[in-house]
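Worksheet: the structure to be examined is printed underneath.
Only the coordinates and a few stated rules stand behind these numbers; no lab work does. Because the structure is a prediction, the values reported are computed rather than measured. Ideal geometry is used to build each Cβ from the backbone, glycine not excepted, and the neighbour counts take in all protein chains shown.
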Amino acid sequence: MSATISPERASEAPSISANVRSYAERVRGGDMGALPAVFGLIVLCTVFAVLRPSFLTAGNFANLFTQGAAVTVIAMGLVFVLLLGEIDLSAGYTSGVCAAVLAILLTYQGLPWYVATGAALLTGLVIGTVLGLLVAKVGIPSFVVTLAAFLAFQGLVLLLVKGGTNISIRDETILAIANKNLPPALGWALLAIGVAVYAGLQLLRARKRAARGLAADPISLIAVRVGALALLGGLAVYFLNLERSRNVAVVSLKGVPIVVPIIVVLLLVWTFVLRRTAFGRHLYAVGGNAEAARRAGINVDRMKVSAFMICSTMAAVGGIIAASRASSVDPNTGGSNVLLYAVGAAVIGGTSLFGGKGRVLDAVLGGAVVAVIENGMGLMGYSSGVKFMVTGSVLLLAAGVDALSRRRAAATGMR
């Protein structure tokens, strides 16, 4: 049956209630999307706000963004690998290696920040290319390849920082990434531009679909989406623009952290790549059924190599953010719980471990959940052991929801 409608009926777009019913049917059919992550985020924020009122302060709100930024960015890259049903266990220490390259070139070689940053990103790109070729061309399982890389890169970080030294970073541009804020007026201006661009794209998409005789979203639904974005963004900017310094006479702390628009730009770019390009469609196709994708003419090996290249490059970006926040690089950079939290963020947000299902937004939502757990339980005075147990339980719950959703989707014929 054709999916098109006549131009005369193009204006008869589904109403908001029809869209709500359609979404409810998808949820009942097993397509949970980001619903569990959003629900979990609301519950966690409510609980911590009640138990620790300081959780809702402007200073802590800003700290949540900077605290979870590096893990969120690394998780964005992992989404591309997970979409193929693969895994990259080396992403954490890849970020550490790239951060070490950045610090060495800045501190020891005295190179400009843009040269050091470019070298760090190039290092991530090369690492991803090698990993991808070993998986796609040689045929070694990604688990084995990246586990070996995990061990090797851990040693490489030690060699780069000469055993156990700490390389301080003093470049103001790099330090500003995770430690400085935008002027309050600029934060409002960027929000206004973002909302306007989003509204324009929504209206343009609806007009194009109507011109082709396809069902388009009603203006009322677009207005709800734009209004929700403006409301949530406005509240965020408002709270981030509040004074957070305890001694204003010495230093003023207000404005949106610089790392926030960086994450937003990365989110928009990679979302466009996945949703609006042939590369993105091919990636989903390979993740859904690699053999069917190969028979359809898609170069499966190229897709795998590209996914690992993106993953490791994003790990490099995460390493730069982590180095900026710590103002230094040491042997633990990219280690400890970075990889576990990054994989957890992607899965908690809704990306499937089985491949073929996921969005870059999942990494952002999951990263927010992980950051809220880490931050909230820290405010309540719980030990790292309790934090790990809770985060692990949330990750297991997310994986369980994913497995049950897939089973439900298969039973209802939605997959």
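When only C-alpha pairs under 8 Å and at least 6 residues apart count, what is the relative contact order of the chain, in percent?
Values: 660 pairs, mean separation 149.0, N = 415.
For the chain, the relative contact order is 36 percent.
Candidates Trp188, Leu242, Ser220 compared by Cα position along the dipole of region 178-255: farthest toward the positive end lies Ser220, with charges placed on Cβ.
Legend: calculated FRET efficiency, Lys208 to Tyr382, from the Cβ-Cβ distance at R0 = 56 Å, rounded to 0.05, equals 0.65. Ranked by the mean number of other Cβ atoms within 10 Å of their residues, highest first, the peptides 274-283, 172-181 fall in the order 172-181, 274-283.
Roughly how many Å is it from the Cα centre of region 313-381 to that of region 199-213, as a whole number? Here the two parts' Cα centres lie 35 Å apart. A cut-off under 14 angstrom between Cβ atoms defines the neighbours of Leu240, and their net charge, with Lys, Arg +1 and Asp, Glu -1, is +2. If R0 is taken as 45 Å, the Cβ-Cβ distance between Ala223 and Ile140 corresponds to a FRET efficiency of 0.30.
Counting only other residues whose beta carbon sits under 12 Å from that of Gly139, what net charge do I get with K and R as +1, D and E as -1? Walk me through the intermediate numbers first.
Values: positive: Lys137, Lys304; negative: Asp301.
Charge balance in the 12 Å sphere: +1.
Ranked by how many other Cβ atoms sit within 10 Å of their own Cβ, fewest first, the residues Ile127, Ile42, Ile263 fall in the order Ile42, Ile263, Ile127. Using Cβ point charges alone (K and R +1, D and E -1), the dipole size of the chain about the Cα centre works out to roughly 900 debye.
Toward the positive end of the charge dipole of the chain, with +1 on the Cβ of Lys and Arg and -1 on the Cβ of Asp and Glu, the farthest Cα among Gly233, Asn289, Ser312 is that of Asn289.
In summary, the convex hull built on the alpha carbon positions of region 212-351 has an orientation-averaged projected area of 13.5 nm². The distance between label points at Glu243 and Met389 comes to 4.3 nm (points 7 Å beyond Cα on the Cα→Cβ vector).
Applying 1/(1 + (r/R0)^6) with r as the Cβ-Cβ distance of Leu51 and Val269 and R0 = 45 angstrom yields a FRET efficiency of 0.75.
Over region 159-241, all Cα pairs binned in 5 Å intervals from 0 give whole-percent P(r) values of 3, 12, 14, 13, 11, 10, 8, 8, 8, 5, 4, 3, 1, listed from short to long. Counting only the backbone N, which residues of region 55-98 are under 16 Å from the spot 7 Å out from the Cα of Lys180 toward its beta-carbon? No residue passes the distance filter. Fully extending the segment from Asn299 to Leu253, taken as 0.36 nm per residue of separation minus the present Cα-Cα distance, adds 11.5 nm.
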